[in-house]
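A short write-up of the structure that comes next.
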Amino acid sequence: MNFDDGSEDPEKHVAGPAVCPDLRPLVLCVLALYGAGCEGRPPPWLEQMAARVSMEVHAISVFDGIDQVEATTIASHYLAEYVIGCGGVDKPTLEGDRWVFAVRAGYAGKLVDWTIFVSSRDGAVWADGLRQFDNLAEFRATVVNDFLRRRL
């Protein structure tokens, strides 16, 4: 077999498109610019989902305490970001000054051993052995960024 340079040694040649040695810096530059442009912003659908998460957690007010609906919103977002991505929380029970949520995992909603707690006073949220947020403001400040970071 004869190659363009007149040799017959296939070991000296690589299959695939040939790039002229003089164009390699240009090709590398284009690839670097393309790669840099891909990291700039999340796709629109992800920005919309993050905006929804932000809107839901910012609609909660601690001034009148955390009611069952607000606690469920907090627990649901906590579950999705810090416990398990696929699952849900059961209807909570109010035990003293905290809402207690049983956790169900997967599409079948199998009851698992995790329990999520949400303070009815300040919106603190935690689950044993997992990340703890000491109040709603701390959770708000973190959950949207973590939502985006996990998906990029």
Every listed condition ((1) at pLDDT 95 or above; (2) under 15 Å from G85 (Cα atoms); (3) in a helix (DSSP H, G or I); (4) hydrophobic (A, V, I, L, M, F, W, C)) holds for I116 save (3)
Restricting the search to segment 55-80, which residues are under 19 Å from the mean Cα position of the chain (by Cα) and exposed (fewer than 15 other Cβ atoms within 10 Å of the Cβ)? M55, H58
Checked pairs for segment 34-47, first surrounded by 10 or more Cβ atoms within 10 Å (Cβ to Cβ), second at pLDDT 80 or above and of a type outside the set (K, R), C-beta under 7 Å and 6 or more apart or across chains, list as P42/L148; P42/L152; L46/L148
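Could you check segment 76-99 and list, in sequence order, the residues that are assigned to a strand (DSSP E or B), in contact (Cβ under 8 Å) with a residue 12 or more places away in the chain and in contact with a strand residue (DSSP E or B) (Cβ under 7 Å, 6 or more places away or on another chain)? Lay out the reasoning, then the answer.
First, pick out the residues of segment 76-99 that are assigned to a strand (DSSP E or B): 87-89, 93-95, 98-99.
So of that shortlist, the ones also in contact (Cβ under 8 Å) with a residue 12 or more places away in the chain come out as 87-89, 94, 98-99.
Selection gives G87, G88, V89, R98, W99.
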Give all pairs with beta carbons closer than 9 Å in which a residue from segment 135-152 that is touching a residue at least 60 places away in the same chain (Cβ under 8 Å) meets a residue that is surrounded by fewer than 12 Cβ atoms within 10 Å (Cβ to Cβ) and assigned to a helix (DSSP H, G or I); count only pairs at least 6 apart in sequence or on separate chains. R140/H58; V144/A51
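Scanning for something in a loop (DSSP other than H, G, I, E, B) and modelled with pLDDT under 50, does segment 19-33 turn up at least one residue?
Filtering segment 19-33 down to residues in a loop (DSSP other than H, G, I, E, B) leaves 19-20.
In the following step, the residues that additionally are modelled with pLDDT under 50 were identified as 19-20.
Yes; the residues of segment 19-33 include at least one that is in a loop (DSSP other than H, G, I, E, B) and modelled with pLDDT under 50.
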Confirm whether G88 is within 26 Å of R149 (Cα to Cα), of a type outside the set (S, T, N, Q) and in contact with a Cys (Cβ under 7 Å, 6 or more places away or on another chain). no
Neighbours by Cβ (under 7 Å, 6+ apart or cross-chain): first from segment 52-75, free of Cβ contacts under 8 Å to residues at least 24 places away in the same chain; second outside any helix (DSSP H, G or I) and surrounded by 14 or more Cβ atoms within 10 Å (Cβ to Cβ): T73/I60
Of (1) part of a loop (DSSP other than H, G, I, E, B); (2) touching a residue at least 24 places away in the same chain (Cβ under 8 Å), Y107 satisfies every one except (2)
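Please specify each residue of segment 119-152 satisfying the condition of being in a loop (DSSP other than H, G, I, E, B) and of a type in the set (S, T, N, Q). Can you show your working first?
Initially, segment 119-152 is screened for residues in a loop (DSSP other than H, G, I, E, B), giving 120-124, 128-132, 134-135, 152.
Passing the criteria: S120, Q132, N135.
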Please verify whether L130 is surrounded by fewer than 15 Cβ atoms within 10 Å (Cβ to Cβ), touching a strand residue (DSSP E or B) at 6+ places or on another chain (Cβ under 9 Å), of a type in the set (A, V, I, L, M, F, W, C) and over 19 Å from T142 (Cα atoms), treating the condition exactly as stated. no
Filter segment 81-111 down to the residues that are within 17 Å of the chain's Cα centre (by Cα), crowded, with 18+ Cβ neighbours inside 10 Å and more than 15 Å from L130 (Cα to Cα) and list them by number. G87
Condition check: out of contact with any helix residue (DSSP H, G or I) (no Cβ under 7 Å at 6 or more places or on another chain), part of a strand (DSSP E or B), of a type in the set (G, A, S) and over 22 Å from R52 (Cβ atoms). Does A102 satisfy that? yes
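The values are calculated or read from the model by the stated rules, or taken from the named source; none is laboratory data. None of these values were measured; they are calculated from a predicted model. Note that we place each Cβ from the backbone using ideal geometry, even for glycine, and neighbour counts take in every protein chain shown.
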